[in-house]
Amino acid sequence: MAKIVGGIGCSHVPSVGAASDYNKTKDGYWAPLFDALPEARKWISDLKPDVMILVYNDHASAFSLEMIPTYAIGTADVFKPADEGYGPRDVPDVHGHSDLAWHIAESCILEEFDLTIANKMDVDHGCTVPLTVFFDKPKQWPVKVIPLCVNVIQFPPPTANRCFNLGQAIKSAVESFPEDINVVVAGTGGMSHQLQGERAGIVNTEFDINYLDNLSANNDINRKKTHLEYIREAGSEGIELIMWQIMRGALEETIVEKFRKYHVASSNTAFGIICFENKLL
Ligand code: DHB
Ligand code: FE
């Protein structure tokens with residue numbers, strides 16, 4: 001049977017992708033962040049993941065205000081890096097796992113989570129930047145990736161609690177997939193940031209650290225926060241942190257933190273990555 005072997009929360013700041021693409025990772029500005037990543041990358045590769053379910057939000061690249069799925073699962077075999085205005089990033093295509101994606105769609109929909117099925121979807125920085133963080137610059141990404149998009153762009157997004165519950169439904173879906181494969185779930189976006197308006201550039205370190213601390217043992221605090229609380233405390237795009245709740249819901253109740261890096265600033269946002277394994281009882 002398939003097994004969830006790890007969970008990762010990770011920001012998907014586009015400039016982190018650009019720093020890698022343009023070989024700036026040793027520069028003074030970027031080194032403090034990139035120098036921390038080999039340890040996380042080793043932890044991920046030691047898990048021997050076959051598939052990563054990568055939760056992110058599309059930033060008006062594949063979707064637009066014409067069509068706003070609350071949750072969309074990518075069932076295709078291949079997803080191309082999206083052109084976000086400067087041409088697509090020069091990173092490998094993302095290869096999906098169609099069988100598992102369809103199995104998750106079926107299982108979740110029959111458990112009454114109505115996922116939208118995306119048979120064709122370009123993936124933007126929300127998906128490709130975390131892949132760079134996790135795997136550096138390989139010729140091919142070393143895992144199959146099932147992209148799972150969440151609407152956090154246009155009100156009303158789903159609640160953090162709904163995201164957590166979807167994570168639980170994904171956990172049962174994965175655990176009923178008959179192949180012996182290892183699956184990692186990554187929730188991306190955040191941490192505190194706001195890209196426009198009067199509070200553009202806001203970073204709330206205290207909020208971010210609390211969010212990271214609470215994921216292990218007090219996640220009900222994160223899970224029960226309202227949209228308004230997320231936005232008030234973490235900025236308008238801080239709402240992206242609800243996507244980490246899908247990752248958290250897909251893990252067991254008791255988890256062990258294996259890696260954490262929090263860094264301010266990457267462009268004008270806070271960057272966080274945290275890695276978990278289920279606690280063996
Ligand atoms: C930026 C964009 C994002 O989608 C994000 O999550 C963080 C930062 C940016 O444009 O800087
Ligand atoms: Fe984002």
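Bridging of Lys224 to lysines at a Cα separation below 22 Å is possible for Lys171, once same-chain residues fewer than 8 apart are set aside.
Working ranking of peptides 249-258, 186-195, 99-108 by packing, defined as the average number of other Cβ atoms within 10 Å per residue, highest first, is 186-195, 99-108, 249-258.
Once the chain from Asn119 to Lys279 is taken as fully extended at 0.36 nm per residue, the excess over their C-alpha distance is 54.1 nm. Segment 1-57 and segment 189-251 have Cα centres separated by 19 Å.
How many angstrom lie between the Cα centre of segment 82-111 and the Cα centre of segment 134-175? When both Cα centres are located, 10 Å separates them. Rounded to whole numbers, the Karplus 3J(HN,Hα) couplings from phi for segment 20-37 are 5, 4, 9, 6, 9, 5, 9, 5, x, 5, 9, 4, x, 7, 5, 5, 7, 6 Hz, using 6.51 cos²θ - 1.76 cosθ + 1.60 with θ = phi - 60°, and x at Gly and Pro.
With the whole protein complex present, Val174 retains an accessible surface near 0 Å², based on a 1.4 Å probe.
The sum of -39500 (n - 2.57) across all DSSP H runs of n ≥ 4, divided by the residue count of the chain, sets its helix-only mean residue ellipticity at 222 nm to -9500 deg cm²/dmol. Each Lys and Arg adds +1 at its Cβ and each Asp and Glu adds -1 at its Cβ; summed about the Cα centre, segment 3-142 shows a dipole of about 580 debye. Rounded to the nearest whole angstrom, the semi-axes of the ellipsoid equivalent to the chain, taken from the Cα gyration tensor as √(5λ), stand at 24, 21, 20, largest first. Only one residue of Val143, Ala19, Gly189 has its Cα farthest out toward the positive end of the dipole of the chain, where Lys and Arg carry +1 and Asp and Glu -1 on Cβ, and that residue is Ala19.
Determine which aspartates and glutamates satisfy two conditions relative to Lys120: a Cα distance under 14 Å, and not lying fewer than 8 residues away in the same chain. Reachable aspartates and glutamates: Asp58, Asp77, Asp93. Here the 3J(HN,Hα) profile of segment 193-198, calculated from phi with Karplus coefficients 6.51, -1.76 and 1.60 at θ = phi - 60°, is 5, 9, 9, 8, x, 4 Hz, Gly and Pro shown as x. Both numbers refer to the Cα atoms of segment 60-165; Rg and Dmax are 14.1, 40 Å.
In terms of accessible area, using a 1.4 Å probe and ignoring ligands and nucleic acids, Thr159, Thr128 rank largest first as Thr159, Thr128. With the simple model of a label 7 Å out from the Cα in the direction of the Cβ, Ser216 to Arg232 spans 2.9 nm. Across the protein chains, with a 1.4 Å probe defining accessible surface, the residues Lys24, Lys224 rank Lys224, Lys24 from largest area downward. Anisotropy class assigned to segment 210-281 is oblate, per the alpha carbon gyration tensor with a/c at or over the 1.5 cut-off and a/b no larger than b/c. Compactness of segment 8-117 is given as radius of gyration and Dmax, 16.7, 51 Å, from Cα positions. For segment 134-281, a/c is not less than 1.5, where a ≥ b ≥ c are the root eigenvalues of the C-alpha gyration tensor, and a/b tops b/c. That puts it in the prolate class.
The values are calculated or read from the model by the stated rules, or taken from the named source; none is laboratory data. Here the structure is a predicted model, which is why all the values come from computation and not from measurement. Positions of Cβ are backbone-derived with ideal geometry, glycine not excepted, and every protein chain shown enters the neighbour counts. Side chains are part of the model used for accessible areas, which takes the heavy atoms of the whole protein and leaves out ligands, DNA and RNA. Shrake-Rupley method; radii C 1.70, N 1.55, O 1.52, S 1.80 Å.
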